[in-house]
Each structure stands twice: as structure tokens, then as C-alpha cells.
1. Anything in segment 32-61 that is in a loop (DSSP other than H, G, I, E, B) and either more than 23 Å from GLU135 (Cβ to Cβ) or within 23 Å of the chain's Cα centre (by Cα) (or both)? List them, or say none.
2. Select from segment 60-74 the residues that are in contact with a strand residue (DSSP E or B) (Cβ under 7 Å, 6 or more places away or on another chain) and more than 13 Å from THR124 (Cβ to Cβ) and list them in ascending order.
3. Do any helices (runs of 4 or more DSSP H) entirely within segment 196-260 hold 2 or more residues that are of a type in the set (Ser, Thr, Tyr) and assigned by TED's automatic domain parsing to the domain that holds GLY125, and if so, which?
4. Looking at (1) surrounded by fewer than 14 Cβ atoms within 10 Å (Cβ to Cβ); (2) in a loop (DSSP other than H, G, I, E, B); (3) out of contact with any strand residue (DSSP E or B) (no Cβ under 9 Å at 6 or more places or on another chain), can you tell me which one ALA185 breaks?
5. If we keep just the residues of segment 18-29 that are touching a helix residue (DSSP H, G or I) at 6+ places or on another chain (Cβ under 9 Å) and surrounded by fewer than 17 Cβ atoms within 10 Å (Cβ to Cβ), which is nearest to SER123 (Cα to Cα)?
6. Pairs needed: first member in segment 73-100, farther than 23 Å from ARG143 by Cα and free of Cβ contacts under 8 Å to residues at least 40 places away in the same chain; second member anywhere, aromatic (Phe, Trp, Tyr) and surrounded by 17 or more Cβ atoms within 10 Å (Cβ to Cβ); C-beta distance under 6 Å; at least 6 residues apart or different chains.
7. Name the pairs: first residue in segment 137-160 and more than 13 Å from PRO6 (Cβ to Cβ), second residue part of a helix (DSSP H, G or I) and at pLDDT below 90, Cβ to Cβ under 7 Å, at least 6 apart or on different chains?
8. Applying the selection to segment 173-182, what residues are under 11 Å from SER201 (Cα atoms), surrounded by fewer than 21 Cβ atoms within 10 Å (Cβ to Cβ) and among the hydrophobic types (A, V, I, L, M, F, W, C)?
Amino acid sequence: MAAHKPRLAVFKFASCDGCQLQLLEAGDRLLELAERVEIDHFLEASSRVVPGPYDVGLVEGSITTADDAERIREIRRQCRFLVSIGACATAGGIQALRNWQRVDDFVGAVYATPAYIQTLATSTGIAEHVPVDFELRGCPVDRGQLLELLSAVLWGRKPHVPGHCVCVECKARGTVCVAVAKGIACLGPVTQAGCHALCPSHDRECFGCFGPSESPNLVSLTGFYERGGASRAALVRLVRSFNGHAPAFRAESDRLEGNE
């Protein structure tokens, strides 16, 4: 009898699909993965859907409606191992900017008939609704990290995902520190690595795409930038970005606004 292949499902909530595309664009490595698992639900790639339960579920996107909240609970019941992938699924995404405003104002400004729109007042990550076995950060996730995660799950080992900050990646590629050399307010010292220091390598600040690093000292960092001339409003915009609703970033932006 043939060995049982693990069953993989990929689900989407409120998002741009960028993290799913990282998997689709993995090319030959995705084909190798397809030989080792049964991809039973991945609407970005195929209309073929095989009902659960599934061994592994990847979830992209944030929860923004009551229907979303119910659907993620059902997905959790169907998946033995559940992973949230990307900034939307782990921290609410850029759409979580609504969490600091009145959602009715946005709905009224965007939709011609707001009465037809049913939405929650917030955009939140998957872990705020159901238990998650692993979170993979990024906007989008790093393709190598995503494949490493799937490999680790299939082999029953812990994924090797970097825990250091973006500054280490800057040093590794020989990028001059934009904060020290050019006075640019940069989130690299408090952001988890994974982007290969893309923005600083082009003389741009790190915008925190991979979320807070372990034990980030945001108060110290923003205080340093404030003393260097950065306004609190500018620092709020910097921290309140792709991962603005992540607890560490959220707490600091609230503090800077005087809402702590």
C-alpha cells in the first residue's frame, strides 16, 4: 500500500494574494513539494477542492468580517497544523489602519451604497481568533522561509527561521547604516530579519515588513530618532505600517500619540 501523503490546504482572507504568489513562484521547488504532498485546496493555483480534514493549513489574510471569523474557526477544526503567513495573517496587515479610526468613515468614503457593506470595525490577525501553530512573518513572506517551513512540517522538525533583526542582514551584505550615516529613521534594529535588508540597500528606511523582532526596544529607538529631529507624527506613520497592529508596534504608536 502506498504511503499516505500529507494533505495541504491554502486559504485566503483579506489580503493582496502576495504571500500565496510567493509559493506559486517557487518553480521547481514547488513541483518537488507537490510530489510529496497532496495539495487539496489552493484556489490561487487550481479550482480542485478536496474536503478536509487536512494535515497542514496555510492561511493568508486578516479577519475583517463576521463571516471571516466563523470560517477561520471551521478551518482550524479542519487542520491538524495551522500556519498564518504574512503580515495580514499575523498582524492584520496594512488594512489594520482602520483599527485607529471609525470604520464607518472609510465605508462611506469608498462605497456608493454603504448600507450593503457588512464589516467588522477591526482587521486582525488569525491568532486573535483561533490557536495558530506557527506564524511566518513578512509582506510578503520570504519564499525561502516558506519552503523551509513546509519542509520542516513535513519532516517533523522545528523550522529554521531567523530571529535576529534586519541590522544583521545589513551588515552581512555590506550596507552602510542609513540611521547612523544618513540620519534616516529606520526600523531595522527592531524588525525581524527576512527581507535581506532590501530597503536600506537602496538608501531607504526599513518599514518593519517582517514585524517586531524578539524583545524590541522601540521606546529607546524612537526616542533616538526624536532627538535627531524626527517628529512624533512621522514616527507614528513609520511604526503604524504593514505590521502596525502587532503588539509591540501598536503599543509604541499609541504611546507616541499619547494614547497609551
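1. Let us first name the residues in segment 32-61 that are in a loop (DSSP other than H, G, I, E, B), namely 37, 43-48, 50-53, 61.
Residues satisfying the conditions are LEU43, GLU44, ALA45, SER46, SER47, ARG48, VAL50, PRO51, GLY61.
2. Matches in segment 60-74: GLU60 only.
3. none
4. Answer for ALA185: the failing condition is (1).
5. This residue is GLY18.
6. Correct list of pairs: empty, since none qualify.
7. LEU147/ARG29
8. VAL176, CYS177
The values are calculated or read from the model by the stated rules, or taken from the named source; none is laboratory data. Values in this document were obtained by computation on a predicted structure and should not be read as measured data. We place every Cβ from the backbone using ideal geometry, glycine too, and count neighbours over all the protein chains shown.
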